Structures are given as C-alpha cells and as structure tokens.
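Worksheet: the structure to be examined is printed underneath.
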Amino acid sequence: MDEPVRDQYEAYPYPARDPKDEGQRLIVGSPSNLAEIDHYLFAGRGNFAKPFRALVAGGGTGDAAIMLAQQLSDRARERSHGAHREGAHGEGAPGEEAPGEVVYLDLAQAAREIAEARARERGLTNISFHRGSLLELSKLGLGNFDYIDCCGVLHHLEDPPAGLAALAEALQAAGGMGLMLYAPFGRGGVYPAQAMLRDLGEGLALAERVGLARRLLAALPATNWLTRNPFLSDHKQSDAELVDLLLHARDRAYTVEQAAALVTDAGLRLVSFIEPARYEPASYLKDPVLLKRLLGLDPLARAAFAEKLAGNIKRHVFYVVKASNRTDSVARAESPGAVPVTRELPGPELARAVTKGGRIAAEFDGLPVSFALPRLAAPILARVDGKASLGEIHAALQALDSGLDWNAFKAQFDRLHAALGGLNHLLLRCPGDGGGAASG
Ligand SMILES: C[S@@+](CC[C@H](N)C(=O)[O-])C[C@H]1O[C@@H](n2cnc3c(N)ncnc32)[C@H](O)[C@@H]1O
C-alpha cells in the first residue's frame, strides 16, 4: 500500500539536503520549534530533559528531527550552565544535563541516511533512527511520546485517519502534536498540473517524468493557474521538490474544516493554527460592516473564512492535544513570572521594526499586512531577551515612568502579545507556574 510513496522518496529523498550545510546553518521552522511546543502544548512549563520523548513521524531528510534535537541539546546545555552558576553559590554543581530524546521514523532508507548524516555532522547524540511505517507504530516497540511531529505525511497516506489514529495512540495523555497538511486554495494550479503530468507520463519511469515536467513547466501559458501562482515556487528548487509537488504518487489537500474534522475524528483537539493571524479575518478585512457580520463566528469558522478570504494558504501548520486533555495547554501571561521569548528575531530587532506610526509589518506569502501595536511596544520588546520576566520588564519601565502600574503595563503587554503572537514572533515561558509538564 505504501510502496509507490516509499519508492518515490527512495529515489527523491525530500527535502533535498546536503549534510555538509549543517556547519553553516540550522534550518528552523514550524511546527516543532521548541519554544512553540512549550508555548502551545505545555503552557510554557515544559521540562525538555530526559525522559521527554519526541517522535518525528515521516521525518524525511531530517529538518524537524535535527531542529528539535539541536534545540533540546542547547536547552540542556543552558540548564547545565544555569545550574552550574547556582552551584558556584554553594548548591553543588551538577554535571551536564541530558537532553530529551528524538525518535526519527521514515519509510525511506535514502531519506534516513541523509538525516543520519546531518545528525553526525552536528554531533547530535539524542536522535535514534528507525525505518518503518507510522501505521505500524504499535508494532515497532518505540514506546509513547510527549510530542509528535508529522509534517507533510498524512496527506500522502491512502488512509490519513488511520495514520493520525496510529499517532494519537502513541501520544502520552498530556502530550501534543505538531502537524502539517496541504491546503487547497494556496496550491492553486498544482492539481491540474499533476493531472496533465499523469497523462503525459503514463508508463514512464519517474526520472523521465521529471524531464517531461520540466518541459511542461517551461511551456505553460501565462493563463495557467500554476503560472499565475507565483507564491508556489517549491518545484523550482530541485528535482526532489518538483517530484513532491507535481509528480507525487498520492496527495490530497485539506481545507480548515476538513483538517479540523480529521483531528476531531482521531480523538484530538485543535489548539492553534500557525501563524494564528493568518487564520483571522480581521487580519485582511477593515470594513466594519463585514467585520460585525463575522463577530458571532466561533474561532474555527473564522479560520475557515480567513482561509477562503486570503486564498494563499498553501499548508496548514497546527498543534493538537488529546481531546481528553481538558487542561489549557497554551501559555498565558497571567503572572509577573512569565517570560516572553522571541523566535528567530531578537527582541531589540523587533523593537526596531516598530514603525513611527506604531505598527509592525509582515508578509503572508506575497500579501503585505500590518498590525497596530500598543504605545509601549518598542520599549517592552527592547527588553525581551528570553530571560527577563514580565515583572522585571515592568520594573525596568516603571523606573522610567513611575505612573506605570502593573495593570497598565499588563494591558500594553497583552495587546503586544496578541499582535506579535499572531505572527508567531512572541511566545511565553512560564517557568515558575507549577513546573514539571512534559515529563518534568
Ligand atoms: C514530504 S516528505 C516530508 C518530510 C519531513 N516530514 C518534512 O516535512 O521535511 C514525506 C516523508 O514521509 C515519509 N512517509 C510517507 N509515508 C510514510 C509512512 N506511512 N510512515 C513513515 N513515513 C512515511 C516519506 O518517506 C517521506 O520521507
């Protein structure tokens, strides 16, 4: 059943990666960025030391497994240094802490070899590599997981609900998953092109079909939907990307509603789409009459509306937990101990990006957007370093303006967090709030 898909990824491991590049850069993305996992799935209280276990199901050439294993190692090193510093003050200096464990699983040996070579280049020792199908998870004896990444895989299965059910069964009761499924509207042009290439390539080997696809792409008329969709450029990067986009053995796309139904039917609960602002109609619409008409819609209906409205969402990235897990898994800025953290862009850089008019600009796959920020956005962001708590940032700003009480500061932070959280720039850690989630 899995053979056509496996053979494709044996011939064209995806995405195309050269292990030597590991010395130059770490590829980061969503889902499975550790700060995001902590924010959306463990209420900011994740303890990612062993026995924390993550599964990367259909790991391909390793992007998520490498990112996660590297971030877990970095986090363990930071913890050890922190503990060591405390030890210097008389509490005893412990040794290097063990990072959590990443389990990589894929059908394709060729993909696994590249992922393994990348881990070796980085000296990562916290990944174990396995070949097999996620549909067979219960037989593989890999155990249960606090976190599961499954990106770009379920939509290639003959029976995606069976795949998600197999993952859900391997998930710890309080664990969570980061998933990615293709989305139809932003992939405008892909499915007609796939159909043409099926007609052209009937009976030919995959390598020959790649050649035909390149010829067809060069000859597409200006009116073809793929030509008209400049934001879909994956196929221009390499043969592996071209095969994945246009010559796939099996692929389907999910609307917001269909993705949500897949999740619910597997006994899971959708926590958030990433980036949240892309799934909010108000990010695109300013007309008050239209916005008022949408006020009564629940978050899922708003997300479905936003998907149709934007028309350029190519894939849905989202986090889920078990439906039986009724606790709020998202970090909230409820106490002064909460620590704001940024992803790739440091706080001071975000502070400099605030315009004179108090806005922040972003781009959603070719669509320029901008969001209003509160008055104190830049001074707050300038102090966000992943260590300072909200209480400390408030104290620093109060030293400049004695009238800034906690409630006034908190109102400013909440507005900032709503805007920048929507763009996935600003997340939270809540280290003091009970601690110990995620295998703590
Ligand atoms: C599009 S690639 C995605 C790779 C990786 N997750 C990423 O996002 O970069 C899909 C991967 O899923 C693997 N795959 C497909 N079906 C699978 C299955 N039933 N069990 C495990 N892996 C599977 C393929 O071999 C391939 O490497």
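The values are calculated or read from the model by the stated rules, or taken from the named source; none is laboratory data. Small disclaimer: the values here were computed from a predicted structure and weren't measured. Every residue, glycine among them, receives a Cβ derived from its backbone with ideal geometry; neighbour counts consider all protein chains shown. In case anyone asks, the SASA skips ligands and DNA or RNA and just uses the protein heavy atoms, side chains included. Shrake-Rupley method; radii C 1.70, N 1.55, O 1.52, S 1.80 Å.
Tell me, yes or no, whether the stretch 256-278 has at least one residue that is open to solvent by less than 50 Å² (accessible area, probe 1.4 Å), among the aromatic types (Phe, Trp, Tyr) and more than 29 Å from Ala168 (Cα to Cα). Looking for residues that are open to solvent by less than 50 Å² (accessible area, probe 1.4 Å), among the aromatic types (Phe, Trp, Tyr) and more than 29 Å from Ala168 (Cα to Cα), one finds none in the stretch 256-278, hence no. Residues of the stretch 241-251 that are open to solvent by 10 Å² or more (accessible area, probe 1.4 Å) and farther than 18 Å from Asn229 by Cβ: Ala249, Arg250.
Scanning the stretch 43-61 for residues that are within 14 Å of the ligand (Cβ to nearest atom) and on the phi < 0 side of the Ramachandran plot yields Ala54, Leu55, Val56, Ala57, Gly59, Thr61. In this structure, Gly46 does not qualify as closer than 19 Å to Asn144 by Cβ, open to solvent by less than 10 Å² (accessible area, probe 1.4 Å), at pLDDT below 95 and in contact with a helix residue (DSSP H, G or I) (Cβ under 7 Å, 6 or more places away or on another chain).
The set of residues from the stretch 62-80 being within 7 Å of the ligand (Cβ to nearest atom) and in contact with an Asp or Glu (Cβ under 9 Å, 6 or more places away or on another chain) comprises just one member, Ala64. So which residues in the stretch 176-198 are within 16 Å of the ligand (Cβ to nearest atom) and either hydroxyl-bearing (Ser, Thr, Tyr) or under 15 Å from Phe318 (Cβ atoms) (or both)? Answer for the stretch 176-198, where residues must be within 16 Å of the ligand (Cβ to nearest atom) and either hydroxyl-bearing (Ser, Thr, Tyr) or under 15 Å from Phe318 (Cβ atoms) (or both): Met177, Gly178, Leu179, Met180, Leu181, Tyr182, Ala183. Go through Arg352, Arg293, Arg326 for me and flag whichever is touching a helix residue (DSSP H, G or I) at 6+ places or on another chain (Cβ under 9 Å), open to solvent by 70 Å² or more (accessible area, probe 1.4 Å) and not β-branched (Val, Ile, Thr). So the residue among Arg352, Arg293, Arg326 that is touching a helix residue (DSSP H, G or I) at 6+ places or on another chain (Cβ under 9 Å), open to solvent by 70 Å² or more (accessible area, probe 1.4 Å) and not β-branched (Val, Ile, Thr) is Arg352.
The set of residues in the stretch 283-303 being in a helix (DSSP H, G or I), in contact (Cβ under 8 Å) with a residue 12 or more places away in the chain and over 27 Å from Leu171 (Cα atoms) consists of Ser283, Leu294, Arg302. Quick check: anything in the stretch 154-175 in contact with a Ser or Thr (Cβ under 6 Å, 6 or more places away or on another chain) and either of a type outside the set (D, E, K, R) or within 10 Å of the ligand (Cβ to nearest atom) (or both)? The answer is no, given that none of the residues of the stretch 154-175 is in contact with a Ser or Thr (Cβ under 6 Å, 6 or more places away or on another chain) and either of a type outside the set (D, E, K, R) or within 10 Å of the ligand (Cβ to nearest atom) (or both).
Here the condition is being closer than 15 Å to Leu154 by Cα and at pLDDT below 95; of Ala249, Ala259, it holds for Ala249 alone.
Of the helices (runs of 4 or more DSSP H) contained entirely in the stretch 328-421, those carrying at least 1 residues that are acidic (Asp, Glu) and farther than 19 Å from Arg278 by Cβ fall at 347-353, 390-398. Out of curiosity, is Arg17 within 16 Å of the ligand (Cβ to nearest atom), buried (at least 20 other Cβ atoms within 10 Å of the Cβ) and within 21 Å of Met180 (Cβ to Cβ)? Yes, satisfied.
When you check Tyr284 against the structure, is it crowded, with 18+ Cβ neighbours inside 10 Å and not basic (Lys, Arg), yes or no? Judged against the criteria, Tyr284 is not a match. In the stretch 132-148 there is at least one residue matching the filter, namely being in contact (Cβ under 8 Å) with a residue 60 or more places away in the chain and of a type in the set (S, T, N, Q). Mind checking whether some residue in the stretch 2-11 is aromatic (Phe, Trp, Tyr), at pLDDT below 95, open to solvent by less than 40 Å² (accessible area, probe 1.4 Å) and in contact with a helix residue (DSSP H, G or I) (Cβ under 6 Å, 6 or more places away or on another chain)? Yes, there is a match, as at least one residue in the stretch 2-11 is aromatic (Phe, Trp, Tyr), at pLDDT below 95, open to solvent by less than 40 Å² (accessible area, probe 1.4 Å) and in contact with a helix residue (DSSP H, G or I) (Cβ under 6 Å, 6 or more places away or on another chain).
Against the conditions (1) over 21 Å from the mean Cα position of the chain (by Cα); (2) modelled with pLDDT of 95 or more; (3) among the small types (Gly, Ala, Ser); (4) surrounded by fewer than 15 Cβ atoms within 10 Å (Cβ to Cβ), where does Ala338 fall short? Just the number, please. Answer for Ala338: the failing condition is (4). Among the conditions (1) within 16 Å of the ligand (Cβ to nearest atom); (2) more than 27 Å from Gly59 (Cα to Cα), Leu216 misses just one, which is (1).
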